[in-house]
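Read the structure below first, then the notes.
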Amino acid sequence: MPCCGIMVLVFKLKDTKGARMKTFAGLLLALLFASPIFADEYYRSLDAGGRIHYGDQPLPDAVDFDLYKSAPDPAADGSVPYLIQRAVASHPVVVYISDDCGEICKSASAFLLKRGIPYSLVTLSSSEDIEQFKTRMHSDRVPTITIGNEALKGFSQSLWNAKLDQAGYPPSPPFGYRPRITTSTISPK
(Lines give C-alpha, C1' and ligand atoms only; values in the text may rest on other atoms or scores of the structure.)
Protein backbone atom coordinates (compact mmCIF):
# COMPACT_ATOMS: atom_id res chain seq x y z
CA MET A 1 0.00 0.00 0.00
CA PRO A 2 1.47 3.40 -0.90
CA CYS A 3 2.55 5.22 2.23
CA CYS A 4 1.37 8.57 0.95
CA GLY A 5 -2.30 7.86 1.56
CA ILE A 6 -3.60 9.13 4.86
CA MET A 7 -5.84 6.76 6.72
CA VAL A 8 -7.93 8.31 9.43
CA LEU A 9 -10.19 6.18 11.52
CA VAL A 10 -13.07 8.15 12.86
CA PHE A 11 -14.95 6.45 15.63
CA LYS A 12 -18.54 7.23 16.30
CA LEU A 13 -18.27 9.41 19.35
CA LYS A 14 -20.80 11.52 21.13
CA ASP A 15 -20.79 15.17 20.16
CA THR A 16 -18.78 16.36 23.13
CA LYS A 17 -15.89 18.73 23.41
CA GLY A 18 -13.47 15.91 24.27
CA ALA A 19 -14.50 13.85 21.23
CA ARG A 20 -13.89 16.77 18.89
CA MET A 21 -10.50 17.35 20.43
CA LYS A 22 -9.54 13.66 20.01
CA THR A 23 -10.65 13.71 16.38
CA PHE A 24 -8.70 16.92 15.75
CA ALA A 25 -5.60 15.50 17.46
CA GLY A 26 -5.87 12.31 15.39
CA LEU A 27 -6.12 14.28 12.15
CA LEU A 28 -3.19 16.46 13.16
CA LEU A 29 -1.03 13.43 13.94
CA ALA A 30 -2.01 11.75 10.67
CA LEU A 31 -0.97 14.84 8.74
CA LEU A 32 2.23 15.20 10.73
CA PHE A 33 3.37 11.66 9.95
CA ALA A 34 2.38 11.76 6.29
CA SER A 35 5.97 12.54 5.33
CA PRO A 36 5.71 11.53 1.65
CA ILE A 37 3.70 14.72 1.16
CA PHE A 38 7.08 16.40 1.38
CA ALA A 39 8.79 13.97 -1.00
CA ASP A 40 10.90 15.27 -3.85
CA GLU A 41 9.18 13.00 -6.33
CA TYR A 42 5.94 11.07 -6.43
CA TYR A 43 3.95 8.83 -8.76
CA ARG A 44 0.50 9.32 -10.23
CA SER A 45 -0.95 5.88 -10.99
CA LEU A 46 -4.08 4.92 -12.85
CA ASP A 47 -5.70 1.67 -11.72
CA ALA A 48 -7.87 -0.68 -13.81
CA GLY A 49 -11.03 1.03 -12.54
CA GLY A 50 -9.88 4.42 -13.84
CA ARG A 51 -9.15 5.84 -10.37
CA ILE A 52 -6.06 8.00 -9.85
CA HIS A 53 -3.71 7.27 -6.95
CA TYR A 54 -0.70 9.24 -5.73
CA GLY A 55 2.21 7.69 -3.87
CA ASP A 56 5.95 7.35 -3.47
CA GLN A 57 5.87 4.33 -5.81
CA PRO A 58 3.53 3.29 -8.63
CA LEU A 59 0.74 0.84 -7.91
CA PRO A 60 1.87 -2.72 -8.74
CA ASP A 61 -1.16 -3.32 -10.97
CA ALA A 62 -1.27 0.19 -12.44
CA VAL A 63 -2.58 0.55 -15.98
CA ASP A 64 -0.51 3.71 -16.40
CA PHE A 65 1.71 5.87 -14.18
CA ASP A 66 3.78 9.05 -14.34
CA LEU A 67 6.67 10.27 -12.21
CA TYR A 68 6.43 13.87 -10.97
CA LYS A 69 8.93 16.06 -9.20
CA SER A 70 7.53 18.40 -6.59
CA ALA A 71 10.02 21.18 -7.38
CA PRO A 72 12.31 21.76 -10.31
CA ASP A 73 15.97 21.00 -9.79
CA PRO A 74 18.21 24.04 -9.54
CA ALA A 75 20.02 24.81 -12.75
CA ALA A 76 22.91 22.49 -11.97
CA ASP A 77 23.43 21.75 -15.65
CA GLY A 78 24.41 25.34 -16.30
CA SER A 79 21.13 26.30 -17.90
CA VAL A 80 20.22 29.92 -17.41
CA PRO A 81 16.66 31.25 -17.68
CA TYR A 82 15.92 33.11 -20.90
CA LEU A 83 15.37 36.55 -19.32
CA ILE A 84 18.73 36.35 -17.60
CA GLN A 85 20.45 35.07 -20.77
CA ARG A 86 19.10 38.04 -22.68
CA ALA A 87 20.21 40.53 -20.01
CA VAL A 88 23.67 38.98 -19.74
CA ALA A 89 24.13 39.08 -23.52
CA SER A 90 23.47 42.81 -23.75
CA HIS A 91 24.51 43.99 -20.25
CA PRO A 92 27.05 41.65 -18.60
CA VAL A 93 27.77 42.42 -14.95
CA VAL A 94 31.31 42.73 -13.61
CA VAL A 95 32.08 43.57 -9.98
CA TYR A 96 35.48 44.95 -8.98
CA ILE A 97 36.62 44.53 -5.38
CA SER A 98 39.89 44.67 -3.49
CA ASP A 99 41.36 42.40 -0.84
CA ASP A 100 40.71 44.95 1.91
CA CYS A 101 37.22 45.99 0.81
CA GLY A 102 35.47 44.56 3.88
CA GLU A 103 31.75 44.49 4.70
CA ILE A 104 30.62 46.75 1.85
CA CYS A 105 31.90 44.26 -0.75
CA LYS A 106 30.28 41.36 1.12
CA SER A 107 26.99 43.30 1.14
CA ALA A 108 27.27 43.98 -2.59
CA SER A 109 27.92 40.29 -3.37
CA ALA A 110 25.07 39.18 -1.10
CA PHE A 111 22.74 41.64 -2.84
CA LEU A 112 23.61 40.27 -6.30
CA LEU A 113 23.21 36.67 -5.14
CA LYS A 114 19.85 37.42 -3.52
CA ARG A 115 18.67 39.01 -6.73
CA GLY A 116 20.00 36.08 -8.81
CA ILE A 117 22.44 38.07 -10.93
CA PRO A 118 25.29 36.11 -12.56
CA TYR A 119 28.47 38.17 -12.59
CA SER A 120 32.21 38.16 -13.02
CA LEU A 121 34.17 39.02 -9.90
CA VAL A 122 37.49 40.81 -10.35
CA THR A 123 39.66 41.09 -7.25
CA LEU A 124 42.22 43.87 -7.49
CA SER A 125 45.17 42.41 -5.59
CA SER A 126 48.34 43.60 -7.33
CA SER A 127 49.51 47.16 -7.86
CA GLU A 128 49.27 46.61 -11.64
CA ASP A 129 45.62 45.58 -11.29
CA ILE A 130 44.86 48.69 -9.24
CA GLU A 131 46.60 50.98 -11.76
CA GLN A 132 44.72 49.43 -14.70
CA PHE A 133 41.47 49.79 -12.77
CA LYS A 134 42.16 53.47 -11.96
CA THR A 135 42.98 54.17 -15.62
CA ARG A 136 39.87 52.43 -16.89
CA MET A 137 37.34 53.60 -14.29
CA HIS A 138 38.89 56.99 -13.43
CA SER A 139 38.48 56.05 -9.79
CA ASP A 140 39.91 53.78 -7.13
CA ARG A 141 36.61 53.25 -5.32
CA VAL A 142 35.45 49.68 -4.68
CA PRO A 143 33.15 47.98 -5.04
CA THR A 144 32.53 49.14 -8.57
CA ILE A 145 30.03 47.40 -10.79
CA THR A 146 29.77 47.60 -14.54
CA ILE A 147 26.41 46.75 -16.07
CA GLY A 148 27.07 46.67 -19.78
CA ASN A 149 29.02 49.86 -20.51
CA GLU A 150 27.86 51.76 -17.42
CA ALA A 151 30.07 51.86 -14.31
CA LEU A 152 28.65 52.51 -10.84
CA LYS A 153 31.20 53.36 -8.16
CA GLY A 154 30.47 52.28 -4.59
CA PHE A 155 27.55 50.16 -3.39
CA SER A 156 24.09 51.71 -3.42
CA GLN A 157 21.38 49.06 -3.37
CA SER A 158 18.71 51.39 -4.76
CA LEU A 159 20.93 52.60 -7.61
CA TRP A 160 22.13 49.09 -8.45
CA ASN A 161 18.53 47.85 -8.40
CA ALA A 162 17.42 50.60 -10.79
CA LYS A 163 20.26 49.98 -13.24
CA LEU A 164 19.80 46.19 -13.16
CA ASP A 165 16.07 46.71 -13.84
CA GLN A 166 16.90 48.96 -16.81
CA ALA A 167 19.30 46.30 -18.12
CA GLY A 168 16.47 43.76 -18.15
CA TYR A 169 17.46 41.58 -15.20
CA PRO A 170 14.47 40.13 -13.31
CA PRO A 171 13.84 41.65 -9.85
CA SER A 172 14.21 38.24 -8.18
CA PRO A 173 15.69 34.94 -9.28
CA PRO A 174 13.41 32.39 -10.93
CA PHE A 175 12.52 29.47 -8.65
CA GLY A 176 15.41 27.05 -8.29
CA TYR A 177 17.92 29.20 -10.18
CA ARG A 178 21.32 29.85 -8.67
CA PRO A 179 23.49 32.46 -10.37
CA ARG A 180 26.96 31.64 -11.55
CA ILE A 181 29.83 33.78 -10.30
CA THR A 182 33.04 33.65 -12.28
CA THR A 183 36.31 35.06 -11.07
CA SER A 184 38.67 36.78 -13.43
CA THR A 185 41.55 39.19 -13.53
CA ILE A 186 41.50 42.70 -14.83
CA SER A 187 42.49 42.84 -18.46
CA PRO A 188 43.35 45.88 -20.56
CA LYS A 189 40.50 47.12 -22.73
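If you take just the strands (runs of 3 or more DSSP E) that sit entirely in region 48-165, which of them hold at least 1 residues that are outside the structural domain of Gly176 (by TED's automatic domain parsing) and of a type in the set (Asp, Glu)?
Details: elements: 52-55, 64-69, 93-98, 119-124, 144-147, 150-153.
Where strands (runs of 3 or more DSSP E) fall fully within region 48-165 and carry at least 1 residues being outside the structural domain of Gly176 (by TED's automatic domain parsing) and of a type in the set (Asp, Glu), they are 64-69.
Go over the candidates Lys134, Lys163, Lys189 one by one and state the one that is more than 21 Å from the chain's Cα centre (by Cα) and modelled with pLDDT of 95 or more.
On the way: Lys134 fails: modelled with pLDDT of 95 or more; Lys189 fails: modelled with pLDDT of 95 or more.
None of the other options fit; the residue is Lys163.
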Hey, any hits in region 35-58 for a residue that's aromatic (Phe, Trp, Tyr) and at pLDDT below 70? yes
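Counting only residues that are of a type in the set (Val, Ile, Thr) and surrounded by fewer than 18 Cβ atoms within 10 Å (Cβ to Cβ), which one in region 99-153 is farthest from Ala167 (Cα to Cα)? Full working, then the answer.
So the first thing to find is which residues in region 99-153 are of a type in the set (Val, Ile, Thr), and the list is 104, 117, 122-123, 130, 135, 142, 144-147.
If we keep only those that are surrounded by fewer than 18 Cβ atoms within 10 Å (Cβ to Cβ) as well, we get 104, 130, 135.
Values: Ile104: 23, Ile130: 27, Thr135: 25 Å.
Checking each candidate, the answer is Ile130.
The values are calculated or read from the model by the stated rules, or taken from the named source; none is laboratory data. Just so it is clear, the model here is predicted, and its values are computed rather than measured. Here Cβ is always computed from backbone atoms with ideal geometry, including for glycine, and neighbour counts include all displayed protein chains.
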